[in-house]
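To keep things clear, I will list the structure first and then write my remarks on it.
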Amino acid sequence: MTEHRIPLAGVIGNPVAHSRSPRLHRHWLRTYGIEGDYLPLHVTEDHLAQVLRALPHMGFVGVNVTIPHKVAVLQIADHISDRATLIGAANTLIFRKDGKIHADNTDGYGFISNLRQHVPDWSPQSAPSVVFGAGGAARAVIVSLIDAGAPLIHLANRTRPKAEALRDEFGARIQVVDWVQAGNVLEAAGTVINTTSLGMVGQSEFRVPLDGLRPGTVVTDLVYTPLRTRLLDEAEAAGCITVDGLGMLLHQGVPGFERWFGVRPEVNDATRAAVLA
Ligand code: ATR
């Protein structure tokens, strides 16, 4: 007789107490009547490998990975998806029945799905995109934009060499613009994305001049605390279509939940409410 086991998942980070993922996945577990749980797991760098090897032996079917472990887990995983390889980081691990750890990155998927849900006819193909920031989040956004057929991505970062390094890595569809000149490329943009932490509660404001923004441009902010950032407010006042960043967090959780618990969860108003509660 096979023993009845309750599947567990969680999020590994340091710090991790602030993570909204437990609310998200517990909401879905309740919604679909799945017996299981999802826990915040505080793990330091020096114990990461040990913890990941042990978790499958205590009922864990996989975990999400957050700061500061997203890059380090690639060294520990046995299989890495193409998109995680391209992005150079993983946010979702699947503990397979054969004992192997599969690493994936669903951040870009979450980014694209969020835009598609809120702007059904959105496409990055018809006009240039403008990306602010060149850190880990920007990598996921850029990989997914290129994958979705973006012909041209203007990339602006405070530290210009980091943007140039991304252009060298991802190719000629990326055009680096100076941070202080970035306002000039907004006029022709179809999509504008802030991937920096500017505008987040406790951080500096996002202060790029936005008067170049045109009605109809899709503007999204990966910052979701607050939900309505100055960038989104100003973009809305300029007639742009704005999409807040909470949806990216919700959508990036979908592939992991499906692989771990066998149900593809829906992202809807109830999901948002559960995470905001
Ligand atoms: P994440 O994984 O969230 O992308 P990250 O890799 O630390 O985090 O990247 C943070 C991004 O926010 C970077 O693009 C950073 O710019 P620098 O490369 O110049 O550091 C950007 N950022 C953070 N604080 C900023 C500020 N005060 N002004 C402009 N950009 C800022």
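Taking the stated definitions as given, is Asn91 touching a helix residue (DSSP H, G or I) at 6+ places or on another chain (Cβ under 7 Å), within 14 Å of the ligand (Cβ to nearest atom), closer than 20 Å to His25 by Cα and open to solvent by less than 30 Å² (accessible area, probe 1.4 Å)?
yes
Annotation note: of Arg26, Arg53, the sole residue that is among the charged types (D, E, K, R) and within 14 Å of Val275 (Cβ to Cβ) is Arg26.
Only a single criterion out of (1) in contact (Cβ under 8 Å) with a residue 60 or more places away in the chain; (2) closer than 25 Å to Arg139 by Cβ is not satisfied by Gln75, namely (1).
Against the list (1) assigned to a loop (DSSP other than H, G, I, E, B); (2) open to solvent by less than 50 Å² (accessible area, probe 1.4 Å); (3) without any contact (Cβ under 8 Å) to a residue 60 or more places away in the chain; (4) not aliphatic (A, V, I, L, M), the condition Gly183 fails is (1).
Within segment 186-207, the set of residues being more than 19 Å from the chain's Cα centre (by Cα), more than 9 Å from the ligand (Cβ to nearest atom) and open to solvent by less than 60 Å² (accessible area, probe 1.4 Å) comprises Leu186, Ala189, Gly190. Where in segment 213-277 are the helices (runs of 4 or more DSSP H), entirely inside, with at least 1 residues that are among the hydroxyl-bearing types (Ser, Thr, Tyr) and either open to solvent by 10 Å² or more (accessible area, probe 1.4 Å) or outside the structural domain of Pro124 (by TED's automatic domain parsing) (or both)? In segment 213-277, the matching helices (runs of 4 or more DSSP H) lie at 269-276.
Being within 16 Å of the ligand (Cβ to nearest atom) and without any contact (Cβ under 8 Å) to a residue 60 or more places away in the chain is the filter here; which residues of segment 53-70 pass it?
Start the filter on segment 53-70 by keeping residues that are within 16 Å of the ligand (Cβ to nearest atom), which leaves 64-70.
Scanning segment 53-70 gives Val65, Thr66, Ile67, Pro68, His69.
Can you list residue pairs whose Cβ atoms sit under 7 Å apart, with the first residue in segment 10-35 being free of Cβ contacts under 8 Å to residues at least 40 places away in the same chain and the second being hydrophobic (A, V, I, L, M, F, W, C)? Count only pairs 6 or more apart in sequence or on different chains. Taking only residues 6 or more apart or on different chains, the pairs are Pro22/Val11; Pro22/Leu39; Glu35/Ile6. In segment 27-72, what residues are in contact with a Phe, Trp or Tyr (Cβ under 9 Å, 6 or more places away or on another chain) and more than 21 Å from Asn14 (Cβ to Cβ)? Passing the criteria: Trp28, Leu29, Tyr32, Ile34, Gly36, Val61.
Per-residue answers, yes or no, for (1) closer than 25 Å to Val275 by Cα; (2) among the hydroxyl-bearing types (Ser, Thr, Tyr); (3) touching a residue at least 24 places away in the same chain (Cβ under 8 Å):
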{"position": "Met200", "(1), (2), (3)": "yes, no, yes"}
{"position": "Gln203", "(1), (2), (3)": "yes, no, no"}
{"position": "Pro209", "(1), (2), (3)": "no, no, yes"}
{"position": "Asp221", "(1), (2), (3)": "yes, no, yes"}
{"position": "Tyr224", "(1), (2), (3)": "yes, yes, yes"}
{"position": "Glu234", "(1), (2), (3)": "no, no, yes"}
{"position": "Ala237", "(1), (2), (3)": "no, no, no"}
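Among the residues here, Ala137 does not qualify as in contact (Cβ under 8 Å) with a residue 40 or more places away in the chain and more than 12 Å from the ligand (Cβ to nearest atom).
The values are calculated or read from the model by the stated rules, or taken from the named source; none is laboratory data. The structure presented is a predicted model; accordingly, all values stated were derived computationally and were not measured. Here Cβ is always computed from backbone atoms with ideal geometry, including for glycine, and neighbour counts include all displayed protein chains. SASA here: full protein model, heavy atoms, side chains in, ligands and nucleic acids out. Shrake-Rupley method; radii C 1.70, N 1.55, O 1.52, S 1.80 Å.
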